[in-house]
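Input: a single structure, listed below in structure tokens.
Each value in this text was obtained by applying a stated rule to the coordinates, not by laboratory testing. Computed from a predicted structure; not experimentally measured. Reconstructed Cβ throughout: ideal geometry from the backbone, glycine too, with neighbour counts over all protein chains shown.
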Amino acid sequence: MSLLAERASISRTTLSKIEKGNPKVSLESYAIVIFVLGMIDRLADLVDVRYDELGLTLEEEHLPQRIRHSPVRKD
């Protein structure tokens, strides 16, 4: 843990917060740890909207509803 924190240039406290998923830790710190762990290809997954289920659900709620018009009668 000390070696990872040193290589990422962050404190052990910050690394511990990252491990616990603390939302107050900067995205930069998360990215550096991911890079140091050799998982840089996974970094793109953090911001890929396809993995954001809540965001996709909220987006669907804002889509316009389908509007159906009654057929016009010719008398």
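Here the chain is assigned +1 on the Cβ of each Lys and Arg and -1 on the Cβ of each Asp and Glu. Its dipole about the Cα centre then comes out at about 180 debye. Only Cα pairs under 8 Å and 6+ residues apart enter the sum, and on that basis the relative contact order of the chain stands at 19 percent. With the simple model of a label 7 Å out from the Cα in the direction of the Cβ, Ser11 to Ser26 spans 1.4 nm.
Multiplying the residue separation of Leu54 and Arg42 by 0.36 nm and subtracting their alpha-carbon distance yields 2.3 nm.
Sorted from greatest to least, the principal axis extents spanned by the alpha carbons of the range 2-52 come out as 34, 22, 14 Å.
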